[in-house]
Each structure stands twice: as C-alpha cells, then as structure tokens.
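Here the structure is laid out as structure tokens; the discussion comes afterwards.
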Protein chains: 2
Amino acid sequence: MASSSLDRNIPVDPIDTPFGVFLWGGREKFDRRRDIHQELSSNPIFSKTAVVLPSIARKDAWTRAAYQARELIRLKLERGWSHTHFREAIRMTDNMLPTQPQRFRIFMSNLDRQMSDEQKAIWIPKAERFEIFGSYAQTELGHGSNVRDLETTATFDKQTDEFVIDSPTLSSTKYWIGTTGVWATHSIVVAKLLIDGKNYGNHLFLTQIRELDTQRLMPGVEIYELGPKAFQGMLGTDNGAQRFHNVRIPRSQMLARNAQVLRDGTYIEPKNQKHSYGSMVTVRAIMAEITGWDLLKAVAVCYHYTRYRKQFRKDKSQQIETTVIDYASVKQRLIPLLAKGTALVLVGQNVTRGYDEYTAKNLKTGDFSQLEDFHLQTVGAKVYSTEITSHGVETCRIACGGHGYHALSGFGRMYANTANALTYEGDNYVIGQQVPRAILKHYKNKTEGSLPSLSYLTTIRQGESPTPTIDSETDWLKPEIQQWALEKRLANMVQAHIEDTAAGKDTSYTCHALTMAHSDFVYWRGFRDLLQPLQHEKSAFLDQITALFQVFSLSILHNPHHPSMAQALPLSYTQQRSLRAAHDAAVEDLATNHLAGIIEAYGFTSYEMDSALARADRTPYEALFEEGAKNSEMSGDKMKHLFEMMVDTRQLWKRIEAAKAHKGDMQAKL
Amino acid sequence: MASSSLDRNIPVDPIDTPFGVFLWGGREKFDRRRDIHQELSSNPIFSKTAVVLPSIARKDAWTRAAYQARELIRLKLERGWSHTHFREAIRMTDNMLPTQPQRFRIFMSNLDRQMSDEQKAIWIPKAERFEIFGSYAQTELGHGSNVRDLETTATFDKQTDEFVIDSPTLSSTKYWIGTTGVWATHSIVVAKLLIDGKNYGNHLFLTQIRELDTQRLMPGVEIYELGPKAFQGMLGTDNGAQRFHNVRIPRSQMLARNAQVLRDGTYIEPKNQKHSYGSMVTVRAIMAEITGWDLLKAVAVCYHYTRYRKQFRKDKSQQIETTVIDYASVKQRLIPLLAKGTALVLVGQNVTRGYDEYTAKNLKTGDFSQLEDFHLQTVGAKVYSTEITSHGVETCRIACGGHGYHALSGFGRMYANTANALTYEGDNYVIGQQVPRAILKHYKNKTEGSLPSLSYLTTIRQGESPTPTIDSETDWLKPEIQQWALEKRLANMVQAHIEDTAAGKDTSYTCHALTMAHSDFVYWRGFRDLLQPLQHEKSAFLDQITALFQVFSLSILHNPHHPSMAQALPLSYTQQRSLRAAHDAAVEDLATNHLAGIIEAYGFTSYEMDSALARADRTPYEALFEEGAKNSEMSGDKMKHLFEMMVDTRQLWKRIEAAKAHKGDMQAKL
C-alpha cells in the first residue's frame, strides 16, 4: 500500500515564513518553538507514536510522563533553558507531565511574589535547580471557588515558634492538588492563620510533604493520588488528596513578603490587600494565550482530514466523490473556528504580554493600580478562551465524522485536556460573574475610565447610538457597523442585567452569556486594533488576516455562543438575511482564497498535531489501518488467552439444554 | 468519618410507585428493569465498584467485559430470557460488552428480515443459542454514510456455486465493525454483488470469519481490533478492521428473502426496494428510546451532587453556605435537561413501540407503506436525542464543577458512550438532511398527508396564521401559543430552506437547525398528546408531568439548540421578556414544587447511576476520598518503583554543575 500523501503538505519541521513568524507571536517565540520541536521530536523519550497511551494502564502512562519530566529537567539544567522555554517544552509533549507548566509557573510565581527577600534567597535556587519539587495546595474537597471558606488551619505555636498545619475535617482535605499524588516534596499550602485563637484569614505556608532522600511522606502528612480523570484526561498529572495531622513547620516558612508573624505572635498586616489576586491571575494570563493554540491544532487536524476524505457527490455527474471540506456542513463549522482560534491567540498574546510586563514592573514599584483591570481581562479571557476552545475541539472531532472518535485522531486527548479548564482555575459560571459585577459597579459609579477593558461602558452610557443604515450584505463588513452591533447587543444585555439585579433576581445563569458578549467585544476590538499596523505597513499577509477578522466578526454576530445573545440584537428579517449572507460569503472567501495559505503559515507539524488523521508520511486511512488496527494491543493472538473461553461459551447451550432435559426426566420420574 | 448520607434518598433497589411505573414505560418494562437490577447488582461479576475501569489497561477492561458477556449468555439460556430482556441487561452493565445491544439486535434483525425461510431455519437457532457470534459489517474505512459507494465485492462463481468476497483496496477495509476485533465468528457482510461482470449493487452475505472450535481466523480473512477510542469510550467493545482476500462462501449464504441468485447465475430482483431502509431504522428506533435514559441518569447524578454541595452564601448573613442547586446557574442548566430527558424517553418510547408493532405486522403482510414515515421519525429522533443527550450529559458534568472531572463521577464514561452517537449510525449532519429533503418534497408535491410526522406542513401551507395576542407571561403557558410559536419558527425556517434550495445554495449546514426545529415540534406534539389521557383520568402525577411539559416547551422556545432558531422566531422585546419570565417561572416552579418527587419517581439506583457523586451509602466527599484517592492505583507505595528515580532527579543539578565546572577547568587549562 503505497503512500499517496505527498500532496498533503504536512510539515515534519516548522517552516520559517514571515506570516508564520507573525502568527506565532514574533521571532523569539517562533525560534523557541522550532528549537523545542527539534529537541523533542528527535528524542525517543518524547516520541508520540512509540507508545499508545490510551491503550495502557494509567500508572504506566504516568510512569512514562515521569521519565519525560526527568529528561526535561536534565535538559533545562544542562542547556540553561529559561523557565518559559521549559514550560513550553512541557506543553509540546502534550502529556501534562508531573511538572505541568501551570503548576511550575504558579509555584515559582508564588515564591517570587509572596516570599520575603530572605526567603527567596533560600528557596528560589532550590526550586530552580529542582532540588525540591513544588506544588500549590489551595482547593479543598469542600471548597473550590470560595477560597474564603477554606478550612485548613495553620495555628501559631508561640512556645516552639512553629506553625501547626491541620486538616480538621474530611471536607478540608486538599484535593486536586497538581503534581502532588506522587511527585512533589514541598507544597505551598493555603491555610487560615490562627494566633491565640484569632483567625487572620488565608496565608501561604511552605510545607515539606515528602522526605528528600526517600520520597516517603513526612510524619503527619497523608497523601493519596486522586485516581483517574474523566475522558482519560491528564494522564501525566498526579493530582493529590492531601491531609495534614498537626504538621509542624518553622515560622520562617510562612510566605512573608506581605503579611508577617513576629516571634511573639504579633501579626503584621500586609501593606497591600490586592496581592491575593495574583496567583490565579498569573495562571489565567497564561491560559489566555495557550488555549487558542489547542483549538488551532484541532482545526489543523480537521482541515487535513476533511481535505482528504471524500463522500457522496454534490453533483451526481461527478466521477470522483466530493471532498468533504467542500460541503457547507464542514466549512461552516471549521472556518469560523480557525478565525476564533486566531483571535484567541493574537489577542491572548497581548493579554499575557501586558500582564508579564506589568508584573515585572509592579514587583519593583509596588504599584497595583492596574491589577483590577488585568484581573478582569484575564477572567474574561479565561472564560472566553476555554468555552470557545473546548466546544471548538469537539466540533472538529464531530466534523470529521466517525473516524474522529478513534483515540488516534487525537481529538479525545485534546478535548480531555481542555474541557477540564471550564471548571478549573475557577468554574466559568462562577468566576464569569466577576465581569458583570465589575460592569455593574463601574457603570453605576461612572468609574469605567480607570479600566481599559470596560471603556465601552462610556459609549453605552451616552445612550442610543443612532441605528446605522444596513442596506446590504457588504455593510456588515464595515467595522463601524460591527462595532455598533456588538455594542448594541452588549448595551441591551447590560440593561437587562441592571434591571434583573435591581429586581433582586439570581443572575448567576444569565451572567455567563453577558461575560461572553463582553469578551466578544473585547476580542473584536483587540483584533481590529491589530489590523491597523498591518494596514499601515502594507503587510504581505494583510488579506489573510483581514479575511480571518471578517469571519471572526461575522460569526460572533451571526452564530453567537448563546441564543439569548441573538435575542439581544433585534434585527429586521432583511438585516438578518444580509448578516447571514455576509457571514456565508466571508466563510466562502476565506475557504476559497486564503485557507491553504493560513494553514501553511501556522504550519503545525505532524509531531505537534499528533493525529493519525494528519501524518506527514501517510494518509489518514493508512495511519488508521496501520497504527490503529494492525498495531492494536488486542489484535490477533494478543488476546489468545481468551480464545478457549469464547469457544466454550458457544457450547454452553448444549450443557444447559442437557441439564434442563435431565431435570425434566428427574421430575417425570418423581 | 461517619456517613452523613441518610437524607440523600438514593435507592439501593428500584422502588415501585405508580408514577415510577408510568415513567419507566409501564408495568412490564418496570418489572423487567427491577428483575435485571436484582440479578446484576447481586452478582459480583457485574460489580461496578470492584474494578476501576478507567485505571486499567484497555485489554484488561475488555477481558472483564468478555466474561460479563459470557455470564449474560449463560443467564439468558438458563433463564430463558427474551431478546429484549437480554439487551436491557447488557445496557444495565453500562459497559458496552462484546455482545453490545445494538449489534445483537441488528444481527438478529437482519437474519429475521433478510433471510429466506430456509435460511432462517438454519441460522436463527444457532444465533439464538450463541452457537455462533454474529456481527454486521457495513461501514468501510472509506465509506460510512454513503453506502452506495462501498467497495467490497461479492463475485458469483458459477463454476463452484460460491460467492467470492473480496476487499480490493485499503479504503474498502470494513472498519468500526462492532464485536468483530476479537469476538465474532460470523459477519453479515455488505458487498456489491457481481455476476458475469455486472454490478447488482449491495447485498448481504453471511460470512464465517473465525473457526468455531479455535477462534482462529478463517483462511483469507484478515482482522484487527481497532485500537482505543476517544475519551476512553466503549471499553467493552472490540471493533474490528476486516479485510477479505477472495474468501469463498456457498451461494446459500447470500441473504435471500428479497433478491436471489439462482444456480445458473440468474439474478431475481427484490419484490420491494424499501427493505434496505430496515437495518438502520431498527437501530435508530432503539436509540430513540434509550438515549433519553442516558441523559436522565446524568441529570440524576447532577441532582444528587448539587443538592449536597454547598458553596458561597447567597445572602451574606447566612450561617451555612448555599446548596449549589439553589443557584440559577445550576437550576437553569439542570431542570430543562430533566424535562428534555423526559420528553426523549416518553415520546421515544412511542416511536420505538410504533415501529416494533409495524415491523411485526409488515413481516407478515409485506405492507411497507408506513416505512417512509418511520424512517423519517427515527432519523429525526436519532439526531434529536443524541444531540440533546450528549450536550446534556456534558452540561451536567460542568454544572458539578471540578469534581465532575473525576472519572468516578461517571460523567466521562457517560459522555464517551453517548457522544459517539453524533457520528455513528449515520453522522447527524448527513442523515439529518433527510428530514429537510422530505419536507421539501412533500411540501412541493402537497403529499404530506401520507406522513403523520409531516402533517404540520398543511398548517404552514395554509399561510400566515394570525399572530395571537401575547400580553403576559402566562400566555406562554397556553399550548395554542406554544404551537403557534413552534410552527411559526418552523414555517420561517422551511421558507428559508426553500429559498436557499431554489438559489442552489449548499444547505448541508443549515439543515441541521431545521431538523432540530422539526423535531422540537414533533416531540412537543408527542408530549402534549401524552398529557390528554392523564388529564382525562385525573392522574395523581398530572401536576408533575405538566410541570415537565411546560419546562420542555418553554426551554425549546427560549433556549433553542442553535441561535438561528432564535432568529427565526421574531418576537418583540416585550414578548421576549415575557417568554424569558415564563421560562424562568416554570423552571422555578418545577424546582420548588416537583423536582424531588420526579427524581424519586425515576428512582435511579446507586448501581444504575454508578457515580461517586451519588452513592446510597456514602456522601460524595466520602466516596471521592475513599474510592478516588485512598483506592487509587497510584497511591502510596504502589509507585515506589519510581521513588529512587525521583530522588536522583533532584540531585541532577549537582552532577551537571560539577561537569560544567570540570569542563570549565579543562578549558582553562588548555
């Protein structure tokens, strides 16, 4: 069976083009990706095809991940990789290693932001050379989003100058603690500080949980690995359940950059209360950028497969069947996701970059004035990007038809490792409420001027902007019309939210659509602003980016995330028809004129996509047959230990009939 | 840690109440469920807690399933279970055994419907006593929905009076063939019949694939098991890839109820062309009924967990945190799914029952006049029920927050085993097109009179029904208003579809929303018709069913499946607000006054739900801690083979620094 895949254009290595470098976020990022790709794809420890992870036992999959983590640590130390380089290498393994990137970042960032200078001098070198393995223990069995009601206690013992960490109830068990079930030696534990019976609220305590030279649990520490996750997700991560039985740590291990406890038990209040935002904001800022890449990878796999697969004939006279990507049912699902993924990545990169620059600055200056805005931006970005990505990845699987359900298509892994993000680092329905809350507060107080992400409230406040004339399909391509429509929708939703809140309604459900509408606008504006420099410099890929922008804009208007968003933009029948026509035309234009070029510019490699539907060296059918079937751990004689049982099962009827006949005979005789 | 679960009302065994019997489809079905439940839940082979399937290797999970299949076969033979009893027992294992219910049904139903009487006399007893294990081989690597282009050939050899079955290309490999990778001994193979070089199209050929006394493959038969599925789905099913290399079977093994081939190669045409619908219709008719149950089980788990979990305080003065089911964000996601699940089950039962009665009749009379209607009904039901169920199951997981992502919550398994149905037995975006196609045909020809499921076209044809007065929230509770709105929306969508088709547009994408709107109406009407006898007989549970009906009706109007459905029902701002108010009030009414009673009447047992979030004997936190964490295969010393590696990894830095220093020294010396 010869390979007929030569026309598939799936790269083995990243291809360096100006458009590609732009999409990947600039030269530095592109080069980092290329270097990591070369390192990993040529190292057998990181092979994605040598072991079929969905086939093996979870503990074996984790063992493999642990060896990968070790190898990455070795590489980081030997090559002097930056933290960013290290984190992105972990991400490229796609395997959520014990050293998962968010966890590494959150641990390091807490040391950095919450430790006193003396503490940093001791602990940061240990963490950086992996002399200790760190984790961050916040969530409890009984409390996730509601951090204030965490139950773990840290009681100051004046006598011994120690804190006593304790888990007083079952529900106080630290739960879902990443990289803690097997791996970590130290946890930053979030616990209520108690001094002389007084509760000072949550503080952070660096607690050793395993012996460094044996990996055994420290006295009083009870830890279990958490068991398997839904969808066979996060195979490389050992989440832990963690209980403390009066575990003692020295006073010097309370993270003391802000609040402090003195030797005599005096509590020194933190200078700044906002520092508590930091930890979650940091993770969400990373998520804003990286989530879009997960979507784009799924889109790329779906593109390559649906460009290969043929089914039915659009026109009965055709000799060859129609390539499935040419059907509206595929195009209209796939192309908008390509545009959305691009928006998530390009705008998300700005959020991440802005937050990084801000953090670097505020650590020095102690200026936290922008933190509320970044908090809002990252909450919105986290909710928006995880909703779009998880639904999008699954849409790609479904658009591939039956073969998308094979584990080797990779969509299952991609979904498992993104759909969890809807509920972690803050349940979207819970943290999403912070956006409407901020909208309400600043709208009422007329204080949105201080928050760039809410500046549109001023426009809304200025009242009914005159409805523009929308006569034709092409009117919908005008940014001012798009802006009017997005603002109009948002204004109606904000108005309804204000009324509902005034009426004392529970808005926790409707908030979600409002957060999505807010983010639609924020991302639309961010994307639009990116176009201007490209127009100015007459960029060679302006047409492609503009086509992506138009599909993004029209799809969030025509196919909003929730029906209530459609209801909030009342259009006449004619306007609706022209919006739909404009949307369909934009999708068609992108599909016909720009799609191949954009996919080529992203240039996801076979290694990055890790899908039997998108191999550089074989067609999807060859890959499904060779890797899926021929290679199956249940093919042929590999199950022969069961052959005898199956043969015997087919003879059960004889024995049962004989027994019944015998019983009948016996009864007749009696 | 004492159990505090006594108030959870999760039954260990089915509870027999009049309302429960009604919901479960009558006395016969209820009793069957109770009997199967007793048999399985008391037999350790079927224990759902003894082995954590998501933790173990796939082949071990399948091995367990194979032994369960054997035990069910033994029970069927010994107890004389009916096929239905057997199929429902398989379903209750939740494990998609090698003898998966759809596959068993489709094999048996093909023998029944497609074999001549002589053939039946030979093969049906063998199949019924499991002397052979059957499978149905239709889908190929290159062709799913487009059955006409299947490539497998069956060439008649006049010389030997045999058919020669062959797979001429890689893409002709039979693929996804259920229970064929390891288990089956005989396949009904769909292949193009060739006689003297002439192609007579697809026919069915009973082909032996494994030796009965060794389980080894027959000569010329090449079979592989397919490998793992996305989301760790269908662990108990060995799908197969199957190739035939000129495999010879006797002429008597072409299924010959309709078409026949005589000894001399003469081809006898089938009397009836419609028989080919049968096979898919049969499976889809089962799916119509059973899919809703999958949704209801997820709803029940979500109910029990969100009634236990507490988080935040709605009112800051509360002592105890608010139970999460009391938030709109949970209620508005969960309650409509309870209503939809009920609609799927109650209306789906009617579809299944109608089709069963019809099949029993038409086999005798040869009257196929209703087949088109059942075909349409089952296509609509399949698309509708699988879309609602798969999204609904995932919505339940997400509404449970972070803990829903633990494999032991069961949502992952439920999603894995329902989300595949979006693309199997006909990709929803492909088969869904048959509904609009029928709408178009019968609307144009004015022939909808012959098809009960399209009778609403007459109403649409009669033109603009006057817009009724909708002044208040309560107007939306009137069935005539609901019917007007559903028909109005459908009429607009049908109109748009007619225009699009006339304009030559590719409607394969927009068809999907139209099929959903059509099914909304069909299910709404079916649900409404169920209420009448209950009103007449003054049923004791009329209030509960009416509350479910109202939530169903208002949710399909207020929160339609696709935004374009919202756009197709143009309502004034005031009407929209009153619809939303009516919807919210109906959800609130059901939640406050009927929810507990309905959940109690469904009475899913701990065994049926199989979720750590809904155990009869322990709280969700106890179950997550004990079964998830303490019981994890990666807890404590179970990973000690890696301890040394981890300890050593923490010392890598020393060796690397020493080597670097040494290298530095060496360079300095040179």
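The values are calculated or read from the model by the stated rules, or taken from the named source; none is laboratory data. Predicted, not measured: the structure shown is a model, and the values here were computed from it. Please note: Cβ atoms are built from the backbone with ideal geometry, for glycine as well, and neighbour counts cover all protein chains shown. For the accessible areas, the whole protein counts, side chains as well, though only heavy atoms, and no ligand, DNA or RNA atoms are used. Shrake-Rupley method; radii C 1.70, N 1.55, O 1.52, S 1.80 Å.
Over the C-alpha trace of the stretch A:406-514, radius of gyration and Dmax come out as 18.3, 54 angstrom. Here the scattering of the stretch B:279-602 is modelled by Debye summation over its C-alpha atoms, one equal scatterer each and no solvent; at q = 0.07, 0.08, 0.11 Å⁻¹ the log10 of I(q)/I(0) is -0.29, -0.38, -0.73. Accessible-area rank, largest first, for A:Asp617, B:Asp149: A:Asp617, B:Asp149, with all protein chains present and a 1.4 angstrom probe. Starting from the label point of A:Pro11 at 7 Å along Cα→Cβ, the same points in the other copies fall at 6.1 nm, in ascending order.
How long are the semi-axes of the equivalent ellipsoid of chain B, defined as square roots of 5 times the Cα gyration tensor eigenvalues? Whole Å, largest first.
They are 41, 40, 27 Å, listed largest first.
Rolled with a 1.4 Å probe across the full set of protein chains, the surface gives A:Asp117 an accessible area near 90 Å².
Our compactness index for the stretch B:9-164, the C-alpha radius of gyration over the empirical 2.2 N^0.38 Å, is 1.32. Amide H contacts under 5 Å for B:Gln215: none, restricted to partners 5 or more places along the chain or on a different chain, H placed in the peptide plane at 1.01 Å from N. Measuring heavy-atom accessible area with a 1.4 angstrom probe and counting protein chains only, the residues of the stretch B:63-78 that give up at least 10 Å² relative to the chain alone are B:Thr63, B:Ala66, B:Tyr67, B:Arg70, B:Ile73, B:Arg74, B:Leu77, B:Glu78.
Phi angles across the stretch B:466-471 convert, under the Karplus curve 6.51 cos²θ - 1.76 cosθ + 1.60 with θ = phi - 60°, into 3J(HN,Hα) values of x, 5, x, 6, 10, 9 Hz, Gly and Pro given as x.
Rank B:Thr546, B:Ser369, B:Thr291 by how far each Cα sits towards the positive end of the charge dipole of the stretch B:279-602 (+1 on Lys, Arg Cβ; -1 on Asp, Glu Cβ) and give me just the farthest. Farthest along the dipole direction, towards plus: B:Thr291.
Near A:Thr152: Cβ cut-off under 10 Å, other residues only, Lys/Arg at +1 and Asp/Glu at -1. The net charge is 0. Surface listing: B:Lys192, A:Lys630, B:Lys640, B:Lys229 arranged by accessible area from highest to lowest gives B:Lys640, A:Lys630, B:Lys192, B:Lys229, probe 1.4 Å. Taking the accessible area of the stretch B:134-276, probe 1.4 Å, and keeping the other protein chains in place, the carbon and sulfur fraction comes to 47%. For the residue pairs B:Lys446/B:Lys488; A:Lys48/B:Lys229; A:Lys271/A:Lys444; A:Lys192/A:Lys441, the C-alpha atoms sit more than 23 angstrom apart in A:Lys271/A:Lys444; A:Lys192/A:Lys441.
Derived scalar couplings between HN and Hα for the stretch B:34-45 equal 5, 5, 4, 4, 5, 4, 6, 6, 9, 10, x, 4 Hz in order, rounded to whole Hz, by the Karplus curve 6.51 cos²θ - 1.76 cosθ + 1.60 (θ = phi - 60°), x for Gly and Pro.
At a 1.4 Å probe radius, which order do B:Lys174, A:Lys538, A:Lys488 fall into by accessible area, largest first?
Working: B:Lys174 0, A:Lys538 170, A:Lys488 40 Å².
Sorted by accessible area, descending: A:Lys538, A:Lys488, B:Lys174.
Using the average count of surrounding beta-carbon atoms within 10 Å as a protection proxy, the listed peptides A:459-471, A:435-447 rank, highest first, as A:435-447, A:459-471.
Ignoring ligands, DNA and RNA, what percent of the 1.4 Å accessible area of the stretch A:279-602 is carbon and sulfur? Write out the running numbers ahead of the final one.
Working: 5850 of 10940 Å².
Whole-percent figure for carbon plus sulfur exposure: 54.
Enter the mean number of other protein chain beta carbons within 10 Å of the beta carbon of each residue in A:561-573, as an integer.
Numbers: counts 1, 3, 11, 6, 2, 8, 14, 3, 1, 6, 2, 1, 5.
Shielding by partners across A:561-573 averages 5.
Surface calculation, 1.4 Å probe, protein heavy atoms: A:Tyr305 sits at approximately 0 Å² accessible. Within straight-line reach of A:Lys654, meaning a Cα separation under 12 Å, sit the following aspartates and glutamates at least 8 residues removed in sequence or on another chain: B:Glu78, B:Glu131.
Give the accessible surface of the protein assembly as shown per residue, rounded to a whole number of Å², with probe radius 1.4 Å and ligands, DNA and RNA excluded. All intermediate terms of the calculation are to be shown ahead of the outcome.
Working: 48900 Å² over 1340 residues.
Result: 36 Å² of accessible area for each residue.
Which whole number gives the average, over all residues in B:125-136, of C-beta atoms from other chains lying within 10 Å of the residue C-beta?
2
Taking only the Cα atoms of the stretch A:530-622, the radius of gyration and Dmax are 17.6, 51 Å. For the stretch B:69-141, the mean projected area of the C-alpha convex hull, equal to one quarter of the hull surface, is 5.5 nm². Note on B:308-320: average number of Cβ atoms from other chains within 10 Å of each residue's Cβ is 2. List the lysines whose Cα sits under 30 Å from the Cα of A:Lys538, skipping any in the same chain fewer than 8 residues away. Partners within reach: A:Lys29, A:Lys297, A:Lys331, A:Lys340, A:Lys478. Solvent-accessible area lost on pairing A with B (1.4 Å probe, both sides summed) amounts to about 12600 Å².
As a test of the formula, what do you get for chain B when each DSSP H run with n ≥ 4 contributes -39,500 (n - 2.57) and the sum is divided by the residue count, at 222 nm and rounded to the nearest 500 deg cm²/dmol? Walk me through the numbers on the way to the answer.
Details: 23 runs with 338 residues, N = 670.
Taking each H run of at least 4 residues, the total per residue is -16500 deg cm²/dmol.
Isolated cysteines of the protein assembly as shown, defined as having no other cysteine beta carbon under 4.7 Å away, are A:Cys400, A:Cys511, B:Cys400, B:Cys511.
Per the Cα gyration tensor, the stretch A:133-276 maps to an equivalent ellipsoid with semi-axes of 26, 17, 13 Å, ordered largest to smallest.
Cβ under 9 Å from B:His37's Cβ, B:His37 left aside: what net charge do those residues give with Lys, Arg +1 and Asp, Glu -1? It would help to have the intermediate numbers written out before the result.
Values: positive: B:Arg33, B:Arg34; negative: B:Asp13, B:Asp35, B:Glu39, B:Glu608.
Taking every Cβ under 9 Å from that of B:His37, the sum is -2.
Note that the stretch B:657-662 has calculated 3J(HN,Hα) couplings of 5, 4, 5, 5, 5, 4 Hz, one per residue in order, obtained from phi through the Karplus relation 6.51 cos²θ - 1.76 cosθ + 1.60 (θ = phi - 60°); glycine and proline are x. Counting only other residues whose beta carbon sits under 10 Å from that of B:Asp610, what net charge do I get with K and R as +1, D and E as -1? Result for the neighbourhood of B:Asp610: +2. Would you mind classifying the stretch A:284-403 by shape? Square roots of the alpha carbon gyration tensor eigenvalues, ordered a ≥ b ≥ c; an a/c under 1.5 is rounded, otherwise it is prolate if a/b is larger than b/c and oblate if not. In terms of gyration-tensor shape, prolate.
Diffusion coefficient of the protein assembly as shown by Stokes-Einstein, Kirkwood radius over Cα pairs, 10 °C, 1.306 mPa s: 48 µm²/s.
P(r) tail, the stretch A:462-552: Cα-Cα pairs separated by more than 16 Å, 63% of all pairs.
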